[in-house]
C-alpha cells in the first residue's frame, strides 16, 4: 500500500473508530513536533460535470500537523475539520508506517478502517440502488 492511500484512509476515517483502533494498538512512540496541530482553511475546487473547467467551490476547514519520531521518520496528518487529536493520530500512524512497525499498523488500524469505509460505501450504494428507476421505451406497432 502506498503512502497516498493510507493517508487518505486516515483522513477520511471516523474519529471515534480511529481513536478506538489506535488505543487498541497501545502504541506510544516518542516523537517531537515539527508543526503542532494547526487549524486553517483550504480552497476546494470543483468541475462542472466532473470534466469542465475548474472553479473555486468554497473553503473547507482542515487541521494539519507534522511530527518526527525519535528514530527519524516524519509523519504528517491532514484531516477535515477542527480535530487536533485525529490529526495527531494520523501523523503518528503515517510515521510508524515508515518503520518496522508498518505491518502492525496496517493490520490493526489501516485495514479495519478501509473495511469499515467500504462497508459504509456499499450500504450507501445499496440504499441508492433501491430507489433507482429504470426508464425504457417500448416500440409501438405504428413506429416500427
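In the range 66-79, the residues that are in contact (Cβ under 8 Å) with a residue 60 or more places away in the chain form no Cβ pair under 6 Å with any partner that is part of a strand (DSSP E or B) and loosely packed, with under 15 Cβ neighbours inside 10 Å, whether six or more places apart or across chains. Given 2, 14, which one is under 23 Å from residue 121 (Cα atoms) and surrounded by fewer than 12 Cβ atoms within 10 Å (Cβ to Cβ)? Sole residue among the options that is under 23 Å from residue 121 (Cα atoms) and surrounded by fewer than 12 Cβ atoms within 10 Å (Cβ to Cβ): 2. Of the listed requirements (1) under 21 Å from the mean Cα position of the chain (by Cα); (2) crowded, with 17+ Cβ neighbours inside 10 Å, residue 80 misses just one: (2).
Take residues that are modelled with pLDDT of 95 or more and in contact with a helix residue (DSSP H, G or I) (Cβ under 8 Å, 6 or more places away or on another chain) and tell me which of the helices (runs of 4 or more DSSP H) falling wholly in the range 31-131 contain 2 or more. Please lay out each step first, then the result.
Numbers: elements: 84-96, 102-105, 111-130.
By residue number, 84-96, 111-130.
Of all positions in the range 117-136, none carries a residue that is touching a strand residue (DSSP E or B) at 6+ places or on another chain (Cβ under 6 Å) and either surrounded by 15 or more Cβ atoms within 10 Å (Cβ to Cβ) or more than 22 Å from residue 31 (Cα to Cα) (or both).
Taken together, the residues in the range 14-29 that are more than 14 Å from residue 94 (Cα to Cα), touching a residue at least 24 places away in the same chain (Cβ under 8 Å) and assigned to a loop (DSSP other than H, G, I, E, B) amount to 1. Restricting 25, 21 to residues that are under 16 Å from residue 104 (Cβ atoms), out of contact with any strand residue (DSSP E or B) (no Cβ under 6 Å at 6 or more places or on another chain) and modelled with pLDDT under 95 narrows the list to 25.
The values are calculated or read from the model by the stated rules, or taken from the named source; none is laboratory data. The structure presented is a predicted model; accordingly, all values stated were derived computationally and were not measured. Every residue, glycine as well, gets a Cβ built from its backbone with ideal geometry; the counts of neighbours run over all protein chains shown.
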